[in-house]
1. Keeping to segment 13-34, report how many residues are hydroxyl-bearing (Ser, Thr, Tyr) and surrounded by fewer than 10 Cβ atoms within 10 Å (Cβ to Cβ).
2. Of all residues being surrounded by 12 or more Cβ atoms within 10 Å (Cβ to Cβ) and modelled with pLDDT of 70 or more in segment 175-196, which is nearest to LEU110 (Cα to Cα)? Just the residue, please.
3. With the checklist (1) exposed (fewer than 12 other Cβ atoms within 10 Å of the Cβ); (2) at pLDDT below 80; (3) more than 32 Å from the chain's Cα centre (by Cα) in hand, flag the one item LYS91 doesn't pass.
4. Looking for whichever is small (Gly, Ala, Ser), at pLDDT 75 or above and touching a Pro at 6+ places or on another chain (Cβ under 9 Å) here; the options are SER148, SER160, SER113, SER117. Which one fits?
5. Pairs under 8 Å by beta carbon, first residue closer than 13 Å to GLY226 by Cα in segment 133-145, partner in a loop (DSSP other than H, G, I, E, B) and among the hydrophobic types (A, V, I, L, M, F, W, C), six or more apart or different chains?
6. How many residues, within segment 197-217, are closer than 21 Å to MET128 by Cβ, small (Gly, Ala, Ser) and at pLDDT 85 or above?
7. Please state which of the following conditions ASN81 fails to meet, knowing it meets all the rest: (1) farther than 30 Å from GLY28 by Cβ; (2) touching a residue at least 12 places away in the same chain (Cβ under 8 Å); (3) surrounded by fewer than 10 Cβ atoms within 10 Å (Cβ to Cβ).
8. Within segment 12-25, does at least one residue satisfy the condition of being of a type outside the set (Asp, Glu), under 32 Å from the mean Cα position of the chain (by Cα) and over 28 Å from LEU181 (Cβ atoms)?
Amino acid sequence: GSGAARMFENIAVGSIITFAQRKWTVVGLFDAGKSGFDSEMWGDIAQVSQAFRRDGFSSFTARVPSESALAAFQAEIAKDNRLRVDVKSEKKFYADQSEGLATFIGVLGLMVSIIFSTGAVIGAMITMYAAVAGRTREIGTLQAIGYSRGDIVLAFILESSAIAIIGGLIGILLATLLSFLSFSTTNFDSFSETEFRFSLSPAIILNSMIFAWVMGLLGGVLPAIGASRLKVVDALRSE
């Protein structure tokens, strides 16, 4: 597969690789459209079975024209008591195989998110406190002409939210670059090398923007409240 050819060195048509105590000649490369098959090596069943001393099959692949056809195929297989086959879609099959790996990546991603989110909130607070300190006289002027404390709090919260949304958009733009990269790791459930890609969906983009806005909101609340508590006289006297 094209993914296996990228992951390992010296794999090209005509190359000789060694595994299962045999030498194998690569006679072709195939592209499976970025599916799980891209990470596999295919060979003649008789030779592969003999090399690995396996007499049976662990899985077989069939093509069905639609999701409804898959459901009908599953129903027909279930009716035949002679067959002990668990019929799954390709996506479900690889999801089940990679459940442990997906959990590991999810936990790792959560830990990284918590660390960076904490840093983002602290960064937003520092930015907003600096903004309050630099505009003390402006805050006093607003209070003098009739703006309430709630208006000032709202203004700074809107500012921190705008900064967070801009940061979120930049982050999503950078994240789209990951869709052009391929990553590989060992699937500890099947002890095989698996190539995968990250992809952005509308749901992920929406959740990311909401998350960025919440981080900006948390970072802007305390500075906004502090700005609203400034006394008019002290604020106007500041330099």
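The values are calculated or read from the model by the stated rules, or taken from the named source; none is laboratory data. This one's a predicted model, so the numbers in the text were calculated from it and none came from an experiment. Because the Cβ atoms are built from the backbone with ideal geometry, glycine has one as well, and the counts that use them run over all protein chains shown. To get the accessible areas, we keep the full protein, side chains included, count just its heavy atoms, and leave off ligands, DNA and RNA. Shrake-Rupley method; radii C 1.70, N 1.55, O 1.52, S 1.80 Å.
1. Here the count works out to 2.
2. My answer is ALA175.
3. The number of the failed condition is (3).
4. SER160
5. THR136/LEU230; ILE139/LEU230; GLY140/LEU230
6. So the count comes out to 1.
7. (2)
8. no
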